[in-house]
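Take a look at the structure below.
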Amino acid sequence: MTKYIFITGGVVSSLGKGLTAAAIGWILERMGLTVSMQKLDPYINVDPGTMSPFQHGEVYVTDDGTEADLDLGHYERFTHSKIDKHSNYTTGKIYREVIQKERRGDYLGSTVQVIPHITDEIKAAIRRGASSGCDVAITEIGGTVGDIESLPFLEAIRQFSLEHGPQDTLFIHLTLLPFLRASGELKTKPTQQSVGKLREIGIQPQILICRTEKPMTPDMPAKIALFCNVRKEAVIEERDVDFSIYEVPVDLIKAGLPQQVLEKLALTPKRDIALDDWFQLLETVKHPEHVVEIGVAGKYIELHDAYKSIYEALTHAGIANRAKIRLRKVAAEQVATQGAEALLTGVDAVLVPGGFGERGFEGKIATIEWARKHRIPFLGICYGMQAAVVEYARHVCGIEKATTAEYAPTAEHRVIDLMEEQKAVTQLGGTMRLGAFECRLTPGTISREEYGAERISERHRHRFEFNNRYRGQLAEAGLVIAGVNDKHDLVEIIELPREVHPWFVGVQYHPEFKTKPQQPHPLFRGFVAAAVERQRRPVEV
Ligand code: GLN
C-alpha cells in the first residue's frame with residue numbers, strides 16, 4: 001500500500017523545498033523503494049505556461065505536454081518517478097475541474113464550497129499523482145505556510161491524513177533558521193511560529209528540516225523539539241551546500257533523515273543505501289580536470305531559475321567530461337548593441353536558449369553569427385535554433401530579409417513560420433506544440449553520432465516551426481537537416497557540417513528536460529566535450 005509524505009514550507013519562500021523533496025525521493029529510491037512525486041501550487045493560473053519566466057522561472061515540460069512548475073525538473077533529475085499531468089496541480093486547475101463538474105450538474109442540489117468540494121478535488125488529485133503501486137508518494141505544497149492561497153491545500157492534506165492510517169502519512173515541514181550577524185546566532189523563533197501556524201490548522205509536522213547557513217548548536221534540536229512538539233531526533237539540519245546541490249541527499253542522510261522517515265511510516269527498506277558511485281560523482285564535481293566557460297546569450301539571463309534545466313544539463317554534461325562549467329551569462333539584447341566580440345570573447349562554447357518575442361532576437365542572431373564564424377561550439381535550443389536558421393538564411397544563403405513570423409507576421413521571408421493549425425489558435429494557454437515528439441536522425445550527422453540512435457523522442461514547447469518552403473534552399477546553401485519528425489514533416493535539428501564547423505547544432509525541442517546527473521543528455525555531453533576540445537586545441541579561424 002502506498003504511503004504519503006507531504007512537504008510544506010515555512011518562514012520564507014525559496015528555501016529549496018523542491019530540491020529537498022527530490023532529495024528525499026532519491027534517498028527512498030536508494031533504499032530500493034519506488035516513489036512518485038507531485039507538486040501542488042496555490043496560485044490561480046491553471047499552469048505556469050502563461051507566466052513570465054521572470055515571475056516564475058522556467059516552465060518545465062513533461063512528455064505528455066503538461067506545462068509545469070520547475071520543481072518537476074528536480075524530481076525528474078533526482079528520481080525515476082513518473083511525471084505527467086497529474087504531477088502538478090494549481091488552484092486554477094483544481095477550480096477548473098470543480099466548476100466544470102458544477103456546470104455539468106454533478107453536484108446537483110448542493111452549494112459548492114471550498115470544504116468539501118475543493119478539498120475533495122485536491123485529495124483526488126493527490127491520489128491521481130501517486131503512481132499505482134508505488135511505495136511512497138511525495139507531495140510538495142508550494143508557497144509558504146500562512147499564505148491565504150495555501151489554506152485549502154493544507155486543509156486537504158490534513159483531511160487526507162485523517163482518512164489514512166496513522167503510519168500511512170507523514171508531514172515534513174521545511175523551515176529556516178535565520179542567522180543574525182549582530183548577535184552571531186541562529187534564531188528558532190520563526191520556525192516555532194511557522195509550526196504554530198500549521199498546528200493551528202490541525203497539522204502537526206512529525207519531521208522538521210531546518211535550512212541554515214551555520215551549523216545548529218547542540219542545544220538547538222532539543223529547543224526546537226520542545227517548542228514545536230516534535231521529537232528531538234526528528235529535527236534535521238539542512239545546511240547550505242558548499243559546491244553542489246547533489247550534496248543535499250548525502251547531507252540529509254548524515255543528519256539522520258532516512259531513519260526518521262522509515263520509522264514514522266513503518267517502512268522497511270529493501271536494501272542499504274550505497275553511495276560509492278555518488279561520492280565519485282561529487283569528487284568529480286569537486287576536483288574537475290577542466291574548467292570550460294560557456295556563454296549563454298538569453299533574454300531572461302538575470303534570473304537563474306529561468307534557465308534552470310539548461311544549467312543543470314550543462315552541469316551533468318560537465319561531470320561526464322570531468323569539467324567544471326563556468327557560465328558567462330549575457331543578455332542577448334546587449335549583444336545586439338555592444339557586439340558579440342565584446343561580450344563573448346574567450347568563451348569555449350556558446351549556448352542560445354529558448355525564448356519568446358522580439359526582444360533579444362537580433363542579439364541572438366549576432367551571437368550565433370559570431371559563434372559560426374569563429375567556429376566556436378554552438379548549441380541552439382528552440383528559439384536559439386530558430387535564430388540559427390534565420391542567421392544562416394540571412395548571412396550565408398543571401399536571403400537578407402529572412403526572419404521569424406513571431407514578430408514579423410507579414411514579412412516576405414518567414415523562414416520560421418506558423419503552421420496552419422497554429423494560425424487558427426485563439427487562446428494562449430496550453431496551445432503550443434507541447435510534449436514528446438519523435439525525431440528521426442540523419443546518418444552521418446553530429447546528432448546521430450551523439451545520440452547513438454536513429455530514433456529519439458524529445459519534448460517541445462513552441463508555436464513556430466522551420467518553414468519547409470525554405471528547406472531546399474537552405475540545405476543547398478550547406479545547412480544540414482539532421483533530424484526530422486516524419487509524421488508532421490517538421491525539421492527538428494539543424495547542423496553545420498563538421499568540415500565547416502567543429503560542433504554547431506540547433507534543436508527545435510528542449511533537450512534540457514531529459515538529463516540526470518549520472519545520465520547526461522547526449523547532446524549536452526557532446527557540446528561540453530566540444531568546448532573542452534576547443535580549449536585544448538583552439539581552432540584556427
Ligand atoms: N518563441 C518560439 C516559438 O514559440 C520558441 C519557443 C521556445 O524557445 N520555447 O516557436
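Details
- Qualifying residue in region 170-190 (condition: surrounded by fewer than 23 Cβ atoms within 10 Å (Cβ to Cβ), hydrophobic (A, V, I, L, M, F, W, C) and over 28 Å from Ala222 (Cα atoms)): no
- The lone criterion from (1) at pLDDT 95 or above; (2) over 17 Å from Tyr470 (Cβ atoms) left unmet by Val425 is number (1).
- Whichever residue in region 485-496 is in contact with a strand residue (DSSP E or B) (Cβ under 6 Å, 6 or more places away or on another chain) and away from the ligand (no atom under 15 Å from the Cβ) and, among such residues, is nearest to Glu358 (Cα to Cα): Glu495
- Applying the criterion of at least 1 residues that are in contact with a Gly (Cβ under 8 Å, 6 or more places away or on another chain) and within 16 Å of the ligand (Cβ to nearest atom) to the helices (runs of 4 or more DSSP H) found wholly in region 335-423 leaves 361-373, 383-395.
- Within region 258-294, the set of residues being of a type in the set (Lys, Arg) and more than 30 Å from Ile207 (Cα to Cα) comprises Lys286 only.
- Subset of region 219-269 that is surrounded by fewer than 20 Cβ atoms within 10 Å (Cβ to Cβ) and hydroxyl-bearing (Ser, Thr, Tyr) - its residue that is farthest from the chain's Cα centre (by Cα): Thr268
- Residue match in region 280-290 (condition: crowded, with 22+ Cβ neighbours inside 10 Å and at pLDDT 95 or above): no
- Checking each residue in region 428-443 for being assigned to a loop (DSSP other than H, G, I, E, B) and away from the ligand (no atom under 14 Å from the Cβ) picks out Thr442, Pro443.
- Filter result for the condition that a residue is more than 22 Å from the chain's Cα centre (by Cα) and among the acidic types (Asp, Glu), over Glu438, Glu421: Glu421
- Of the residues making up region 453-483, those that are more than 12 Å from the ligand (Cβ to nearest atom), surrounded by fewer than 21 Cβ atoms within 10 Å (Cβ to Cβ) and either on the phi < 0 side of the Ramachandran plot or part of a strand (DSSP E or B) (or both) number 13.
- On the stretch given as region 119-129, residues that are crowded, with 20+ Cβ neighbours inside 10 Å and within 11 Å of Phe160 (Cβ to Cβ) total 4.
- Filter result for the condition that a residue is at pLDDT 95 or above and in a strand (DSSP E or B), over Ile224, Ile209: Ile209
- The residue list Pro538, Pro497, Pro502 contains one member that is touching a residue at least 60 places away in the same chain (Cβ under 8 Å), under 24 Å from Val292 (Cβ atoms) and part of a loop (DSSP other than H, G, I, E, B), which is Pro502.
- Residue identified as crowded, with 23+ Cβ neighbours inside 10 Å, out of contact with any Cys (no Cβ under 7 Å at 6 or more places or on another chain) and within 29 Å of Gln55 (Cβ to Cβ) among Ile301, Ile310: Ile310
- In region 505-535, the residue that is nearest to Leu418 (Cα to Cα) out of those that are part of a loop (DSSP other than H, G, I, E, B) and not charged (D, E, K, R) is Gln508.
- Annotation: Arg239 fulfils all but one of (1) among the basic types (Lys, Arg); (2) within 20 Å of Ala23 (Cα to Cα); (3) out of contact with any helix residue (DSSP H, G or I) (no Cβ under 8 Å at 6 or more places or on another chain); the unmet one is (3).
- Which numbered condition His374 fails, given (1) touching a helix residue (DSSP H, G or I) at 6+ places or on another chain (Cβ under 8 Å); (2) over 25 Å from Glu465 (Cα atoms); (3) touching a residue at least 60 places away in the same chain (Cβ under 8 Å): (1)
- Of all the residues in region 101-138, those that are under 30 Å from Leu33 (Cβ atoms) and of a type outside the set (D, E, K, R) number 14.
- Qualifying helices (runs of 4 or more DSSP H) (wholly inside region 1-102; at least 2 residues being small (Gly, Ala, Ser) and in contact (Cβ under 8 Å) with a residue 40 or more places away in the chain): 17-30
- Sole exception among (1) surrounded by fewer than 19 Cβ atoms within 10 Å (Cβ to Cβ); (2) part of a loop (DSSP other than H, G, I, E, B) for Ile203, by number: (1)
- Within region 500-511, the set of residues being touching a strand residue (DSSP E or B) at 6+ places or on another chain (Cβ under 8 Å), more than 14 Å from Glu450 (Cα to Cα) and away from the ligand (no atom under 11 Å from the Cβ) comprises His501 only.
- Of all residues in region 341-365, those that are farther than 18 Å from Tyr311 by Cα have Cβ atoms under 6 Å from Cβ atoms of residues that are of a type in the set (Ser, Thr, Tyr) and within 14 Å of the ligand (Cβ to nearest atom), 6 or more apart or on another chain, in Glu358/Tyr407.
The values are calculated or read from the model by the stated rules, or taken from the named source; none is laboratory data. Model, not experiment: these values are computed from the prediction. Glycine gets a Cβ as well: all are built from the backbone with ideal geometry, and neighbour counts include every protein chain shown.
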